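Throughout, read-outs are computed from the coordinates displayed, never taken from laboratory work. Bear in mind that the values here come from a model prediction, so they are computed numbers and not experimental data. Using ideal geometry, Cβ is built from the backbone for each residue, glycine included, and neighbour counts are taken over all protein chains shown.
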Amino acid sequence: MTETTEWDQWRGSWQTREPTSDELRESMARFRRATRRDSVIRAVEWVITGLAIVFPLVAMRHAANVIEATLGIGALLIVTSVSSFRAWNRRAERTALGSSAREFDDAVRALRRAELRFVRFLWLVLGVEGVFAAVWWYGGLAVHHSALSVLAVGMLWIPLMLVVMTLVWSARLKSDAMRELEALAHREPAASAVDGGGP
Amino acid sequence: MDHILESSSVSESNQAVAGFHVVMRDYGARLSRLAASYVDERADRDDLLQEILLAVWRALPTFRGDASLRTFIYRVAMNRATTFRARRYRRVEYPMTEGLRDPAPPPDARVAALDERERLTRVIRSLPPSLRDVALPYLEDLSIAEIAQLLGITENNVRVRLARARDQLRTLLQEAPA
């Protein structure tokens, strides 16, 4: 059997695999649901980011000393940098999607390494942020405990919750990035082995 | 498939979504086949197809016409499928001929024909990524030049990989039960 005939035969068999009408209808429905969910998630992310920026700003108005004010600015910088990093990362990945497979692999590798660097940076500043939140929480309660409403006391927990949430998110980001880098590392030798030989 | 697309509730006034309808009409079946060739489980296939459709939808505005639309969509789909697989599975991708040796013979000719396609899909899925990346678009009628553009390699490299893919496909299909 010649090469062309063999490929033609496989092609014929391959292209007869058409999804059914029900499957396509289901795909379109799932796609519409996914776009809606995506929009909602992005809106929620914007709200969370907005709150995460506004909260330290408001808190800084009541900063008891320079240390608290400085740490509040640090918190603002972290939130802004996380948000900017995610936006940049998404845009870079979306742009890279239309590149050739080799360029895409390079882009993904660079993005994942940037994510790992970012996670390391984040863990350093999260420590500082944790100190800020703990001081703010302890100091706030000590000074204002008699005048605080239940809502205000509840809000005192928000910075600490944000620190924990960011920590969990960054751990997942690191894990995903390492997994993808590992998969890419395994793709490289396989491709090189193929390209190195003759026809 | 047209009636399915026409019956969808997405607003026609939205140009991006309307453009996406055209993509679905012309490429829906190909993208579905591509998803099936990357992941095994039905649920994973559905998830991957959804991811691919979303990726194509988001990437379409960045299409500048430096390649054909077909090549562009295939690039986006394959790139998304690669990252999906990398995120979903920790294991390294190697040929898994053991996975091809399973079920009992089909009861009739129609089922046998379906099984033949499924067998080919499973064999394609078990190819090493570097060979699957050239075999898939070749089976979808992309030219060698288009595949070279798709993968960012030379046409000679594509020919080399196609020759190796053919050898492996032949071997794997012989090993896999009909």
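For chain A, the longest principal axis of the C-alpha atoms and the axis of helix A:101-144 are separated by about 20°. With a Förster radius of 56 Å applied to the C-beta separation of A:Ala185 and A:Leu141, the computed FRET efficiency comes to 0.70. Averaging over all projection directions, the Cα-based convex hull of chain A occupies 17.1 nm² in the image plane. Highest GNM mean-square fluctuation among A:Ala69, A:Ala110, A:Ala177, for chain A modelled with Cα contacts below 10 Å: A:Ala110.
Over segment A:10-127, Cα pairs under 8 Å with separation of 6+ residues give a relative contact order of 16 percent. Please work out the FRET efficiency for the pair A:Ala110 and B:Asn156, using the Cβ-Cβ distance as r and a Förster radius of 22 Å; give the result to the nearest 0.05. Computed FRET efficiency for A:Ala110 and B:Asn156: 0.20.
Modelled label positions at A:Trp157 and B:Val22, each set 7 Å beyond Cα in the direction of Cβ, lie 5.4 nm from each other. Under a Gaussian network description of chain A, with springs only between Cα atoms under 10 Å, the residue in A:Thr16, A:Thr95, A:Thr166 that fluctuates furthest is A:Thr16. P(r) for segment A:16-59, from all Cα pairs and a bin width of 10 Å, is 25, 26, 19, 15, 10, 5, 0 %, short bins first. Label-to-label distance for A:Phe121 and B:Arg170 is 5.4 nm, based on points extended 7 Å past Cα in the beta-carbon direction.
What's the FRET efficiency of A:Thr5 with A:Val168 using the Cβ-Cβ distance as r and R₀ = 56 Å, to the nearest 0.05?
Details: r = 56 Å, r/R0 = 1.00.
Using R0 = 56 Å, I get an efficiency of 0.50.
For chain A, modelled as a GNM whose springs connect Cα atoms under 10 angstrom apart, the maximal fluctuation among A:Leu111, A:Leu160, A:Leu24 occurs at A:Leu24. The charge dipole of segment A:72-176, taken about the Cα centre with unit charges on the Cβ atoms of Lys, Arg (+1) and Asp, Glu (-1), comes to about 260 debye, rounded to the nearest 20.
Take every Cα pair under 8 Å whose residues are at least 6 apart in sequence, average their separation, divide by the length of chain A, and the relative contact order is 19 percent. Placing a label point 7 Å from the Cα of A:His62 along the Cα-to-Cβ direction, the residues of segment A:156-186 whose backbone N falls under 15 Å from that point are A:156-160.
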